[in-house]
Amino acid sequence: MRFIQRGSRGPTEADDTPLDFQAFVAASGARLFRSACLLTGGDTHAAEDLVQETFGLLYRRWQRVCRVDNPVGYAQTTLVNRFVSGRRKRSNTELPAGTGGFGDVADRPDRGDDVALRLALLAALRSLPPVDRAVLVLRFWEDLTVAETAARLNLSDTAVRSRSSRALARVRDRLGGDFADLARS
């Protein structure tokens, strides 16, 4: 997928220039933020920081990145790698002031219906190791194949399948029988 600018008079030879960085951020920011929210277990502040770090890295390499076949895939790989490497650092344990963790401070109004289900799923995701969480997000949220997930995480296909299987089992164990009730309501 190649991003190109389009003029108001229709495509011309001059319109085959790579998309500028601001347009790329506008086009891909929401998708990367959703992935970051899932990776961080619903911590929107950490997700915003993760996306900002990712775009900072991409900006420095933009002349090269804008020429790859799939700049959004490159950005997502960078996002996941930043998440996994950031989780390895012990000093990365910031929490917003006055909170005991996610959910204590309401940033947005309640959307009703599926709040309990979303919170349960986010808590289950947060309980997983970072690489397992990344595998689940890429495989089931971003709907990537095993091979694509393996390439983005620098793992073998077998490792992705086994991590995925074990992580799903852990999520099911954590959610228990209440999950079925939450999903139905």
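The values are calculated or read from the model by the stated rules, or taken from the named source; none is laboratory data. This structure is a prediction, so every number in the text was calculated from the model and none was measured. Virtual Cβ from ideal backbone geometry, glycine too; neighbours counted across all protein chains shown. Note: areas computed on protein heavy atoms with side chains; ligands, DNA, RNA excluded. Shrake-Rupley method; radii C 1.70, N 1.55, O 1.52, S 1.80 Å.
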At 1.4 Å probe size, with the rest of the protein present, what percent of the exposed accessible area of the stretch 127-173 is carbon and sulfur atoms? 51 percent
Amide H neighbours of C66 under 5 Å, counting only residues 5+ apart in sequence or on other chains, H built in-plane at 1.01 Å? none
Taking the Cα-to-Cβ direction at V115 and at T158 and moving 7 Å from each Cα, how far apart do the two end points lie in nm? 4.7 nm
Quickly work out the T44-to-F140 label distance, labels modelled 7 Å from Cα along the C-beta direction, and quote it in nm with one decimal. 2.4 nm
Grab the beta carbon distance between R174 and S85, set R0 = 25 Å, and tell me the FRET efficiency rounded to 0.05. 0.50
Using 0.36 nm per residue, how much length does the chain from A27 to R126 gain when fully extended, once their Cα-Cα distance is taken away? 32.9 nm
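Based on the Cβ-Cβ distance from V68 to R166, what FRET efficiency comes out when R0 is 30 Å, to the nearest 0.05? Walk me through the numbers before you get to the answer.
Details: r = 32 Å, r/R0 = 1.07.
My answer for the efficiency is 0.40.
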